[in-house]
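Just so it is clear, none of the values below were taken in a lab; they were calculated from the coordinates. Source: prediction; values computed, not measured. Methodologically, a virtual Cβ is constructed for each residue, glycine included, from the backbone with ideal geometry; neighbour enumeration extends over all protein chains shown.
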Amino acid sequence: MIHLAFLLALVHVDVLISAGHEGRPASCARYPKRACNLGAQGEREWTPIVADEATRVLREQGVSVAREPADFDGNYDVDAAVFIHFDGSTSPCASSASIGYHEQRFAPAAQQWRTLYSRYFPFGFQPDDFTVGLRDYYAFRQVDARSGSLVLELGELTCPQQRAWLAPRLTFEGDLIAYFLSRLIGKGDVPLPSANIANHASTAFSIGRARRVARSHSTVRSRVRN
Ligand SMILES: [Zn+2]
């Protein structure tokens, strides 16, 4: 039986988009049991840019979006939710992009994102749920999702090559996430964004070099998240 208070607090939107670490440390005092993870250096500045762009594009297409910071109240009934992050590693370039989800039924949605993002992001993916923080992300419990509730780590900020690739593409990342979500929930007609910057000749050279650098690094790493 579902508790009445839960029903009253349940808000329906098509999509929830949360910007990782946004609003911290100010919001941490309201959630004393939660670790006040501030993310990798620069992550708090970047995740809202990506989240705002994805939200803007989806709303233009008539998709309702709850745009949330890292910490928020209430519970949501959604078609899909994404929690946007960038990774950090104590051993630079030991990580890359990754996806987290708590329910195995969201594995197909994760695979769709991996397939899409891999067409652009040249540094590869870690295995899904490769950390406990990805599998048991604190905000998953505030979302009841039909098609997917995913942490999307868009790359490793502590890796200079990945950071350099990501820096001019934050708007593109938001557009790509909007496209992904629109397809995933079957609502809106978000176009596949132009990846002109990724196809630029001089960038193509550095991407090839970055791939080799990424492959040459070890996979030893550690991280705290919550
Ligand atoms: Zn993060």
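List the residues whose amide H sits under 5 Å from the amide H of residue 37, counting only those 5 or more places along or on another chain, with H placed 1.01 Å from N in the peptide plane.
Distant-sequence amide H within range of residue 37: 226.
Kirkwood Rh over alpha-carbon pairs of the stretch 62-105, then Stokes-Einstein at 25 °C and 0.890 mPa s: what D in µm² s⁻¹, rounded to an integer?
179 µm²/s
Below 8 Å between Cα atoms, with a sequence gap of 6+, how large is the relative contact order for the stretch 4-216 in percent?
Once divided by the residue count of the stretch 4-216, the mean separation gives 26 percent.
Through the Karplus equation 6.51 cos²θ - 1.76 cosθ + 1.60, θ set to phi - 60°, convert the phi angles of the stretch 163-173 into ³J(HN,Hα) values in whole Hz; use x for Gly and Pro.
4, 5, 5, 6, 3, x, 10, 5, 5, 4, 4
Give, in whole angstrom and from largest to smallest, the semi-axes √(5λ) of the equivalent ellipsoid of the stretch 4-216, with λ running over the eigenvalues of the Cα gyration tensor.
The equivalent ellipsoid of the stretch 4-216 has semi-axes of 27, 20, 15 Å.
How compact and how long is the stretch 1-96, expressed as Rg and Dmax of its alpha-carbon atoms in Å?
15.3, 48
Residue by residue, what Karplus-based ³J(HN,Hα) values in Hz, rounded to whole numbers, does the stretch 42-47 have, using 6.51, -1.76 and 1.60 with θ = phi - 60° and x for Gly and Pro?
x, 5, 5, 7, 8, 4
Starting from the Cα of residue 146, step 7 Å along the direction of its Cβ; do the same at residue 104; then give the gap between the two resulting points in nm.
Modelled inter-label distance: 2.4 nm.
What are the ³J(HN,Hα) couplings of the stretch 82-99, residue after residue, when phi is run through the Karplus curve with 6.51, -1.76, 1.60 and θ = phi - 60°? Round to Hz, x for glycine and proline.
Going residue by residue, I get 10, 10, 8, 9, 10, 8, x, 9, 5, 10, x, 6, 7, 10, 6, 7, 7, 9 Hz, with x marking Gly and Pro.
Over the stretch 16-121, what relative contact order in percent results from Cα pairs under 8 Å that are six or more residues apart?
35 percent
Which value, in nm² and rounded to one decimal, describes the direction-averaged projected area of the C-alpha convex hull of the stretch 9-53?
Convex hull of Cα atoms, orientation-averaged projection: 4.2 nm².
So what's the gap between the Cα centers of the stretch 35-56 and the stretch 58-94, to the nearest angstrom?
9 Å
Per 0.36 nm of contour for each residue apart, how much would the distance between residue 49 and residue 164 grow if the chain were fully extended, relative to their Cα-Cα spacing? Write down the numbers at each step before the final one.
Details: separation 115, 0.36 × 115 = 41.40 nm, distance 1.62 nm.
Additional length available on full extension: 39.8 nm.
What fraction, in whole percent, of alpha-carbon pairs in the stretch 119-172 exceed 14 Å separation? Mind showing how you got there, number by number?
Values: 909 of 1431 pairs.
When every Cα pair of the stretch 119-172 is considered, 64 percent fall beyond 14 Å.
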